[in-house]
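Engineer: Here's a structure for you.
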Amino acid sequence: MSPAGKTVTFAAMIKLAIVDDDEALATALKKELLEFSEIESIDISNGGIKFFKHLQQLPPEQRPQVIIMDISMGFPDEGIHATRLIKELFPDILIVMFTISDTDELIFDAFRVGAVGYLLKNEKPSFILKTILDVYNGGAQMSPSIARKAIAFLSPATNRSKLQKETAEGVILTDREFEILRLVEQGATYDNVADTLAIAPNTVKKHMMNIFTKLQVNNKIEAIKKAGL
């Protein structure tokens, strides 16, 4: 019987990775999860893109089978961006998002790029282990509050304008990112965009930097062109 109260048979113990820029949290979680017999080893990294590059250097037998991935690290949705990159190159690696946020849009983004679980950081280690076991055995798992939001978000009554958009090249931008980029394409300055959307100018700049990172461009003209606007 596993510590999560579920009988599970494994061909081998699970190699796990925790990717989170809160290194104290990641270290504490590693210590707690290593107490469970189902966990063979745990790698830690403080950046999603950094860990993606690290994965490319590892031989297959050393790669984690499951990754617990924070969403917001170097930029607001770095974990989602890193998940997409990892799943493209290593489709067999299972990724569970790990965050303090239960924002509807992020839930959809995470599963769209290949995540199979979505956990809040205040979950008990036993529930986190249960999630790892479930996804390892082909299932999907979410914190209960996340599950309720996901169901509501995907219901017929949901306003579909909330769904993220995908560029012709397959890069995922959120609805807000597209909204900002569309206003910029129409000639609005960052201050104009901030006034139109009732947000701070610095928030607009952060969104634009996130767009540049996702699209791998250096300026708004290249971003507009690459996004197909």
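Engineer: Go through (1) modelled with pLDDT of 95 or more; (2) in contact with a strand residue (DSSP E or B) (Cβ under 8 Å, 6 or more places away or on another chain); (3) among the hydrophobic types (A, V, I, L, M, F, W, C) and name the single condition LEU55 misses.
Structural biologist: (2)
Engineer: Does GLU78 fit the bill of being in the same structural domain as PRO125 (by TED's automatic domain parsing), surrounded by 20 or more Cβ atoms within 10 Å (Cβ to Cβ), of a type in the set (Asp, Glu) and modelled with pLDDT under 95?
Structural biologist: yes
Engineer: Tell me the residue from ILE95, ILE128 that is crowded, with 17+ Cβ neighbours inside 10 Å and closer than 19 Å to LYS50 by Cα, please.
Structural biologist: ILE95
Engineer: Applying the selection to the stretch 83-114, what residues are within 12 Å of the chain's Cα centre (by Cα), closer than 12 Å to ILE68 by Cα and outside any strand (DSSP E or B)?
Structural biologist: Answer for the stretch 83-114, where residues must be within 12 Å of the chain's Cα centre (by Cα), closer than 12 Å to ILE68 by Cα and outside any strand (DSSP E or B): just THR83.
Engineer: So for the stretch 43-66 (the condition being touching a residue at least 60 places away in the same chain (Cβ under 8 Å) and not in a helix (DSSP H, G or I)), does at least one residue qualify? Quick ask: steps written out before the conclusion?
Structural biologist: Step one: filter the stretch 43-66 for residues touching a residue at least 60 places away in the same chain (Cβ under 8 Å), giving 65-66.
Imposing the further condition that a residue be not in a helix (DSSP H, G or I) reduces the set to 65-66.
Yes, the stretch 43-66 contains at least one residue that is touching a residue at least 60 places away in the same chain (Cβ under 8 Å) and not in a helix (DSSP H, G or I).
Engineer: Also: Looking at this structure, is GLU185 at pLDDT below 85, acidic (Asp, Glu) and over 15 Å from PRO76 (Cβ atoms)?
Structural biologist: For GLU185, the condition - at pLDDT below 85, acidic (Asp, Glu) and over 15 Å from PRO76 (Cβ atoms) - is not met.
The values are calculated or read from the model by the stated rules, or taken from the named source; none is laboratory data. Note that the structure is a prediction, hence the values are computed from the model and not measured. Cβ: placed from backbone, ideal geometry, glycine included. Neighbour counts: every protein chain shown.
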